[in-house]
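Worksheet: one structure, shown below.
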Amino acid sequence: MEKRRIVSGMRPTGRIHFGHLHGALLNWKELQDDYRCFYFIADWHALTSEYARPDIIRQSTYDIIIDWISVGLDPERCTFFVQSEIKEHAELHLLLSMITPLPWLERNPTYKEQLKELTQRDVYTYGFLGYPVLQAADILMYKANGVPVGEDQAPHVELTREIARRFNNLYGKVFPEPDTLLTPTAKILGTDRRKMSKSYNNAIFLTDGDEEVDRKVMQMITDPQRKTKKDPGDPAICNVFSFHEIYTDAHTVSGIDRQCRSAEIGCVECKRIMARSLKTALEPVRAKRGELEADMKRVREIVEQGNERARAIARNTMEEVRAAIKI
Ligand code: TRP
Ligand code: SF4
C-alpha cells in the first residue's frame with residue numbers, strides 16, 4: 001500500500017533557529033519514516049509580507065534546505081522543493097480563490113493577529129488576505145492526508161479542509177480532506193522567555209558559532225524570582241533548564257535540579273554547563289553543513305530532483321482539476 005502523504009512548508013525569511021528545530025523540524029524528521037513527505041520552501045508565502053525585500057527570500061531558501069539536511073532530514077526519503085518552481089501552485093491558487101468566500105478569510109484568527117503584529121510592513125494586500133488559499137493549494141496539490149504544523153497554523157489547515165469540501169461538492173471528488181498533525185508546542189523559549197523568533201532578537205540559530213552560543217546563553221533570563229545565588233531557584237519555570245532537559249545528560253540534569261532548588265549552584269555555572277551541551281549538540285550539525293556548503297552542486301541537485309518529483313505530481317493533479325471544472 002502506498003504510504004500516506006504529508007505536506008508542510010516553511011517561509012524562507014532567515015536562518016533556522018532552535019524554535020524551528022523543536023517546533024517543526026524534529027517532528028518532520030520523525031514522520032519521514034512512516035509517511036511520504038513533501039517539505040517545501042514557501043517563498044511565495046514569504047513574499048506576501050516581505051515583498052519589499054525579496055533578496056532575503058532567495059538567500060535563505062538554500063540556507064534553510066542545507067539546515068534541513070544538516071539536522072537529519074533525508075533527501076532520499078523526503079521530497080524537498082521550492083514552491084515558486086512549481087507554477088501549478090499559482091494556477092490552483094487562482095482556481096481555489098474563485099470558490100473561497102471572503103468571510104472565511106476575513107475571520108481567520110491568524111490573519112487578524114498578523115495584521116496587528118506586522119506593523120513594520122503594509123500587509124493590507126490582496127495577496128496577504130489570500131495567504132491561506134495559497135496554502136490550501138500547496139496542501140491539496142499533493143493530496144496530503146496530513147499536515148504537520150504548530151497551533152498557529154491549525155486554522156489554515158481547517159480552512160483547507162473547507163475549501164476541499166467545497167471544491168469536491170461543486171466539481172466532484174478530487175481532494176482528500178487533510179488532517180492537522182499538531183506539533184506539540186516547543187518547550188523552549190527565546191533568551192528573553194518570549195516565543196523564540198528572529199524578529200524578537202531572542203533566537204539561538206543553528207549557525208551560531210561557539211562564542212555566540214556562549215554569549216546568548218549567558219544573556220538568558222532564568223527563574224525571575226532568583227535574584228542572587230543565595231535564593232533557591234525553580235527549574236520548572238527556567239528556560240535554561242528546559243534546554244538542559246533536552247541537551248544535557250540525565251544524571252547531570254537531576255543534579256542541577258536539586259542544586260538549583262537548594263541554592264547550591266548559581267545560574268552562571270548552570271548556564272556554562274548548558275552552553276557546553278548545546279555546543280556539543282551543534283557540532284555534528286555544523287560539520288554536515290560544512291560538507292554541504294562545500295558541495296553546492298549536490299545541494300542544487302537535491303532541490304532540482306525534489307522539484308521534478310513535485311512537478312510530476314502537480315501536473316497530474318492539475319489535469320484532474322481542469323477536467324473536473326471543465327475549463
Ligand atoms: N504558513 C506556514 C507557516 O507560516 C507555511 C506554509 C505554507 C505551510 N504552505 C504550507 C505549512 C502548507 C504547511 C502546509 O509556517
Ligand atoms: Fe535556571 Fe540553572 Fe539558574 Fe536554576 S540554576 S534558575 S536551572 S539557570
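The values are calculated or read from the model by the stated rules, or taken from the named source; none is laboratory data. Note that the structure is a prediction, hence the values are computed from the model and not measured. Positions of Cβ are generated from backbone atoms using ideal geometry, with glycine treated the same way; all protein chains shown enter the neighbour counts.
Does K112 satisfy being more than 19 Å from the chain's Cα centre (by Cα), of a type outside the set (A, V, I, L, M, F, W, C) and crowded, with 17+ Cβ neighbours inside 10 Å? Write out each step before concluding.
Working: more than 19 Å from the chain's Cα centre (by Cα): yes; of a type outside the set (A, V, I, L, M, F, W, C): yes; crowded, with 17+ Cβ neighbours inside 10 Å: no.
Taking the combined requirement at face value, the residue does not satisfy it.
So Y39 passes all but one of these: (1) within 19 Å of L140 (Cα to Cα); (2) out of contact with any strand residue (DSSP E or B) (no Cβ under 7 Å at 6 or more places or on another chain). Which condition number does it fail?
Result: Y39 fails condition (2) only.
Filter region 226-240 down to the residues that are in contact with a Cys (Cβ under 9 Å, 6 or more places away or on another chain) and not basic (K, R) and list them by number.
Taking region 226-240 and keeping what is in contact with a Cys (Cβ under 9 Å, 6 or more places away or on another chain), we get 226, 229, 232-235, 238, 240.
Of everything in region 226-240, those that are in contact with a Cys (Cβ under 9 Å, 6 or more places away or on another chain) and not basic (K, R) turn out to be P232, G233, D234, P235, C238, V240.
Taking region 28-45, which residues are out of contact with any helix residue (DSSP H, G or I) (no Cβ under 8 Å at 6 or more places or on another chain) and without any contact (Cβ under 8 Å) to a residue 60 or more places away in the chain?
Those that are out of contact with any helix residue (DSSP H, G or I) (no Cβ under 8 Å at 6 or more places or on another chain) and without any contact (Cβ under 8 Å) to a residue 60 or more places away in the chain: K29, E30, Q32, D33, D34, R36.
In region 312-322, how many are over 14 Å from V7 (Cα atoms) and surrounded by 14 or more Cβ atoms within 10 Å (Cβ to Cβ)?
Residues flagged as over 14 Å from V7 (Cα atoms) and surrounded by 14 or more Cβ atoms within 10 Å (Cβ to Cβ) within region 312-322 amount to 4.
Give me the pairs, please: first residue somewhere in region 246-270 and assigned by TED's automatic domain parsing to the domain that holds P224 and among the aliphatic types (A, V, I, L, M), second residue anywhere and crowded, with 18+ Cβ neighbours inside 10 Å and outside any helix (DSSP H, G or I), beta-carbon distance under 8 Å, and either six or more positions apart or on two chains.
I246/I188; I256/T248; I256/I265; A263/G233
Select the helices (runs of 4 or more DSSP H) contained entirely in region 103-206, then report the ones holding at least 1 residues which are in the same structural domain as A24 (by TED's automatic domain parsing) and over 30 Å from R311 (Cβ atoms).
On the way: elements: 109-117, 126-129, 131-141, 154-171.
The qualifying helices (runs of 4 or more DSSP H) are 109-117.
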